[in-house]
1. Looking at ILE120, ALA13, PHE31, which one has the Cα that reaches farthest to the positive end of the dipole of the chain (charges on Cβ: Lys, Arg +1; Asp, Glu -1)?
2. Enter the angle in degrees (range 0 to 90, nearest 10) between the Cα long axis of helix 11-24 and the first principal axis of the Cα atoms of the chain, meaning the one along which they spread out most.
3. According to the square roots a ≥ b ≥ c of the eigenvalues of the Cα gyration tensor, what is the shape class of segment 11-220, taking rounded for a/c under 1.5, prolate for a/b larger than b/c otherwise, and oblate for the remainder?
4. What spacing in nm lies between the two simple spin-label points modelled at MET128 and ASP209, each 7 Å away from Cα in the Cβ direction?
5. Count charges around SER260 for me, please; just the other residues with Cβ under 14 Å from its Cβ, Lys/Arg as +1, Asp/Glu as -1.
6. Mind checking the dipole of segment 259-367: about its Cα centre, +1 per Lys or Arg Cβ, -1 per Asp or Glu Cβ, Debye to the nearest 20?
7. Under unit Cβ charges (Lys, Arg +1; Asp, Glu -1), what dipole magnitude, rounded to 20 debye, does segment 200-310 have relative to its Cα centre?
8. Against the longest alpha carbon principal axis of the chain, how many degrees, from 0 to 90 and to the nearest 10, is the axis of helix 135-146 turned?
Amino acid sequence: MPRPITAVIHAQALRQNLAVVRQSVPDSKVFAVVKANAYGHGIERVYESFKSADGFALLDIEEAKRLRALGWTGPILLLEGIFSPQDLFDCAQYQLSFTVHSEQQMVWLQHHPYPAQFDIFMKMNSGMNRLGFKPQQYREIWQQLSQSDKIASITHMMHFSDADGERFGQKGIDYQLSEFEATIQDLPGERSVSNSAAILRYQNQLQSDYVRGGIMLYGSSPDYPKHSIQDWGLAPTMSLRSEIIAVQQLNANESVGYGSSYVAEQPIRIGIVACGYADGYQRISATGTPVLVNGIRTRTIGRVSMDMLAVDLTPISDAQVGSEVVLWGQSSTGTILPIDDVAATSGTIGYELMCGVTARVNFINQE
Ligand SMILES: *Cc1c(COP(=O)(O)O)cnc(C)c1O
C-alpha cells in the first residue's frame, strides 16, 4: 500500500470555477492562468476542464510546450515574456504570445533574424513597479513597436497590486487604472488588465478584453477573509487528504511531538496523521490549524514534523486508524475546509499552499 496521503483534483470544481469567471465577465475573453504547473495542480490534470477557455497564460516555455502536446491550438501567453533571444524561436514554432515589458526584450525582438508575426502584450508599469514601461515612456515605445515588422498585434496590459483590497484608503485599483487609461486613451488595440480579484470585485468598472484568471479557478478567494469561496460561488479544486495511522490517549501533562510544544491540560484522544512538512504542509501550522476528520472540523495540535502531525479527536469519538483526514479541500462526504482557512492560520495564502504540495504526494483525478 502506498502511504495514504493524496492530492485529489476535482474536475467538476475546476469547471464550476471557470463558469464563475465567464459569468463575471461575459464580454471578455478568458485566459486561464496555469503558471506554476497550474498552481500546483498539474497542467495535464486541469487541461480538460479548462480547454473551453479562450487561452492559457503561464511563464515557462516548457509548460507551453506541454499544452501544445495536449492538443491545445489556441492562444498561449507568456506572462513574463522571453528570457533570452533564443526563446523567440520557440515562440515562433509554438505560436506563443508574450509580454514585452523591457527595452532588453525589444532589442531581442528587433534583432530576431527571421520574419515573424508575433502577438505581443505590451506591459505598462502603472504603479506596481515590478515589470513594464512607465506611463511617460509607454506611448513612444508603443509607436516604435507598432512599426516593427515582427509584430502582428499589440495588446495593452497591466497588472494590479491591490485589486483585493485598498491602498491608502482608496479602492485598490484606482491609482493604477487612472494612469493606464489616460496613457492609452486614443491608442488602438485590445486591453488585458484583470486578475481574479479584479474579475470578482470590479467586473462592471473595468474594460478588459482579455482577463487573466488564476487563483479563483483553483477555489481560493482572492480577497479572503473579506469574502470566502462560498461568497464567490467557488469550489475547492484540490483536496489534500490522508488518514489517521495511529491513535494515542494522552493523560494530563503529557505532550505530543518534537519540543513538547503541546501539553495536554486534561486527558485527550489524539490522532497521528500521515502528513508532514515534507508533503508540503506548512511546519508553521501550529496547534489550532483547522482540519477535518471523518468530515468533522477539528484542529491540529503540537508541532508538524516531516512526515506526521497530530490532531485533536475530541469531537470525533468514532475516529480510528484509517479515518479520513482532510488537510484542505473537500472530504469524501462533501464537507469543505477552504484552503484559505488553513492558510490564514498558517500566516500565508491559498496560493502558497496549493503550489507547495511536494512530489512524493500521489495526485489523483476525480470527477
Ligand atoms: C499570476 C498572474 C495572474 C493571475 O493572478 P490571480 O491573482 O491568481 O488571478 C494574472 N496576471 C499576471 C500578470 C500574473 O502573473
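The values are calculated or read from the model by the stated rules, or taken from the named source; none is laboratory data. Note that the structure is predicted; figures quoted are calculated from it, not measured. Reconstructed Cβ throughout: ideal geometry from the backbone, glycine too, with neighbour counts over all protein chains shown. Surface areas here come from the heavy atoms of the whole protein model, side chains and all, with no ligands, DNA or RNA. Shrake-Rupley method; radii C 1.70, N 1.55, O 1.52, S 1.80 Å.
1. Ranked along the dipole, the leading option is ALA13.
2. Once rounded, one gets 50 degrees.
3. Working: a/c = 1.91, a/b = 1.07, b/c = 1.79.
Judged from the Cα gyration tensor, segment 11-220 comes out oblate (a/c at least 1.5, b/c at or above a/b).
4. 2.0
5. Details: positive: ARG303; negative: GLU254, GLU265.
That works out to -1.
6. On the way: 6 positive and 10 negative charges, 48 e Å.
It works out to roughly 240 debye.
7. Values: 9 positive and 8 negative charges, 25 e Å.
Computed charge dipole of segment 200-310: roughly 120 debye.
8. Roughly 60 degrees between the two axes.
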